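Here is the structure we will look at, set down as structure tokens.
The values are calculated or read from the model by the stated rules, or taken from the named source; none is laboratory data. Computed from a predicted structure; not experimentally measured. Neighbour counts run over all protein chains shown; Cβ positions are idealised from the backbone, glycine included. In case anyone asks, the SASA skips ligands and DNA or RNA and just uses the protein heavy atoms, side chains included. Shrake-Rupley method; radii C 1.70, N 1.55, O 1.52, S 1.80 Å.
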Amino acid sequence: MREALTAAADSPGYPTVWGTAGLRAAVLGWAGRRLGAEGLTERNVLPVVGSKELVAWLPTQLGLGPGDTVAFPRLAYPTYEVGARLARAEPVVYDDPVTDLDPGPLKLLWLNSPSNPTGRVLGKDELARIVAWAREHDVLVVSDECYLELGWEADPVSVLHPEVCGGGHEGLVAVHSLSKRSNLAGYRAAFVLGDAAVLGELLQIRKHGGMMTPAPVQAATVAALGDDAHVAEQRERYAARRTALREALLAHGFRVEHSEAGLYLWATRDEPCWDTVAHLATLGVLAAPGDFYGPAGDRFVRIAFTATDERVAAAVARLTAA
């Protein structure tokens with residue numbers, strides 16, 4: 001990936017917002033191989049400048065505003081709410097979108113499976129039920145699937161899987177990134193797949209917004225998507241770190257909920273999250289307070305296993321010795 005980036009460094013011209021033909025082909029090949037998606041063409045692909053940019057600005061780029069609602073899980077990455085507020089739309093949380101939400105003003109429904117922060121995975125039947133309901137009410141479903149290749153105790157499924165979407169992509173957009181699967185957070189390399197009409201409108205808007213993935217990053221993305229070996233190798237590292245941290249936390253009196261996928265353990269000592277953060281800080285262990293992801297997380301912390309093996313081992317030793 002670094003060699004591809006370097007080889008493409010002589011890129012004096014403007015990159016295309018839609019990406020190179022090689023990039024689109026690499027995304028389509030990966031989507032068929034890893035997501036099981038069928039019937040996708042170049043019109044179903046759009047590169048973005050990191051998934052966070054897409055999450056923050058999607059409601060605005062879709063033309064949403066006052067009177068529209070944007071829904072997302074009760075425990076969620078905070079940028080979903082920020083994106084709604086940037087568009088001056090109303091942010092709404094849900095536990096079950098089908099039973100909790102009023103579809104009338106709802107224009108954008110965010111799914112996040114595997115979840116950040118909880119690691120919860122939505123199964124095929126649950127995803128299919130939500131997709132059917134959203135289509136019935138003409139609600140756009142955008143599924144943030146950036147952790148999809150990091151399932152541990154579950155097998156995450158894309159909203160574009162035929163058993164979920166019925167073979168059609170209407171009303172559906174899936175968001176993917178190289179930040180997690182390929183450890184390329186610094187490259188800002190991501191892409192969306194799905195409804196060609198929606199992505200076509202976004203392409204026109206993003207051209208005028210200057211939201212272009214740099215040409216060297218596009219070349220690195222092609223290399224990353226064409227190789228599954230590095231993903232499997234890194235998964236083994238993550239799995240070892242996850243096992244060690246989980247066992248140390250349990251022995252230290254924590255309870256771990258969900259966490260069946262992703263890069264985090266969603267853990268609690270059944271106390272206010274900031275008390276837990278303070279306790280861990282005395283051991284030299286850093287955790288994210290659960291209320292950062294919504295009030296429902298106020299008794300949990302999110303513990304990542306993205307540090308180096310040496311740092312994770314140090315945290316495990318401190319937890320074990322305390």
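Here are some notes:
- Accessible surface of Val93 - all protein chains present, 1.4 Å probe, nearest 10 Å²: 60 Å²
- Debye log10 I(q)/I(0) for the chain, one point scatterer per Cα, at q = 0.08, 0.11, 0.12, 0.16 Å⁻¹: -0.37, -0.71, -0.85, -1.38
- Summed residue charge, Cβ within 14 Å of Trp18's Cβ, Lys/Arg positive, Asp/Glu negative: +2
- Cβ-based net charge around Tyr238, under 14 Å, with every Lys or Arg adding one and every Asp or Glu removing one: +2
- Taken about its Cα centre, the chain carries a charge dipole of about 800 debye when Lys and Arg each add +1 at the Cβ and Asp and Glu each add -1 at the Cβ.
- Heavy-atom accessible area ranking, 1.4 Å probe, most first, across Glu81, Glu236, Glu310, Glu149: Glu236, Glu310, Glu81, Glu149
- Shape class of segment 100-235 from the alpha-carbon gyration tensor: oblate, with a/c at 1.5 or above and b/c at least as large as a/b.
- Antiparallel DSSP beta bridges within the chain, as percent of all bridges there, nearest 5: 55 percent
- Figure note: Glu145, Glu201 ranked by solvent-accessible area, largest first, 1.4 Å probe, ligands and nucleic acids not counted: Glu201, Glu145.
- Rounded accessible area per residue of segment 42-96, 1.4 Å, Å²: 41 Å²
- Here segment 169-288 exposes an accessible surface that is 56 percent carbon and sulfur, computed with a 1.4 Å probe and the other protein chains kept in place.
- Ordering of 8-18, 47-57 by burial proxy (mean other Cβ atoms within 10 Å per residue, highest first): 47-57, 8-18
- Solvent exposure, largest accessible area first (probe 1.4 Å, DNA, RNA and ligands not counted), of His252, His258: His258, His252
- Counting only aspartates and glutamates at least 8 places from Lys52 when in the same chain, those with an alpha carbon closer than 15 Å to its own are Glu81, Asp144, Glu145.
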